Amino acid sequence: MATRIVVCPHCRTRNRLPVERLGDHGRCGSCKHALFTGAPIELDAPGFDAHLAADLPIVVDFWAAWCGPCKAFAPTFAAAAQEFEPGIRFGKVDTEAQGSLAARFGIRSIPTLILFARGRERARLSGALPPAEFRRWLTANT
Ligand SMILES: [Zn+2]
């Protein structure tokens with residue numbers, strides 16, 4: 001049976017789930033909270049590494065509170081999380097609070113979106129996209 005490692009967004013425990021049960025509102029075996037909440041996960045460096053090492057692709061929004069286009073894009077990103085989970089994880093990195101992550105990925109402008117699959121960067125784009133285009137970009141790269 002095909003399974004996927006899913007990292008709990010609350011406690012970072014690695015849970016192994018059968019592929020066909022990913023969408024079943026599963027709960028973490030450790031903390032018992034929902035494995036998918038339909039919302040982006042705020043990531044610090046350890047959280048980022050944990051989710052990168054899981055089986056699901058993850059798209060990360062590198063943003064900052066002072067950035068107008070980031071704020072404008074946030075609802076689009078949140079809506080996509082609802083739509084694309086559990087196939088894709090959604091994470092957010094506050095580039096002010098997590099400067100080391102921003103430096104690690106050479107973030108020069110925000111928002112920057114990076115899609116990771118199997119621990120590696122698969123696609124990157126800078127600048128906010130309208131919802132339909134963002135959806136197309138996600139579908140094309142996963
Ligand atoms: Zn948990």
Q. Over region 1-124, what is the percentage of antiparallel beta bridges among all DSSP beta bridges, to the nearest 5?
A. 65
Q) List the chymotrypsin sites (Phe, Trp or Tyr not before Pro) in region 50-82 that DSSP assigns to loop (not H, G, I, E or B) and whose Cβ has at most 12 other Cβ atoms within 10 Å. Which are they? A) W66
Q. Which of V19, A39, Q82 sits farthest toward the positive end of the charge dipole of the chain, with +1 on the Cβ of Lys and Arg and -1 on the Cβ of Asp and Glu?
A. V19
Q: Would you kindly compute the Cα radius of gyration of the chain and its largest Cα-Cα separation (Dmax), both in Å?
A: 14.5, 46
Q.
Given the -39500 (n - 2.57) contribution per DSSP H run of 4+ residues, what per-residue ellipticity at 222 nm results for the chain, rounded to the nearest 500 deg cm²/dmol?
A. -9000 deg cm²/dmol
**Q.** Cα-centred dipole magnitude for the chain, charges only on beta-carbon of K, R (+1) and D, E (-1), debye, nearest 20
**A.** 320
Q: Taking only the C-alpha atoms, wrap a convex hull around region 1-84 and report its volume per residue in Å³ as a whole number.
A: 93
Q. To the nearest 0.05, what FRET efficiency results for A39 and R124 with a Förster distance of 30 Å applied to their C-beta separation?
A. 0.85
Q: Using Cα centres only, tell me the gap between region 1-36 and region 66-142 in whole Å.
A: 22
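Taken together, the values in this text are just the output of simple stated rules run on the coordinates, not laboratory data. In this text the structure is predicted, and so the values were computed from the model without any measurement. Cβ atoms come from the backbone with ideal geometry, glycine included; neighbour counts cover every protein chain shown.
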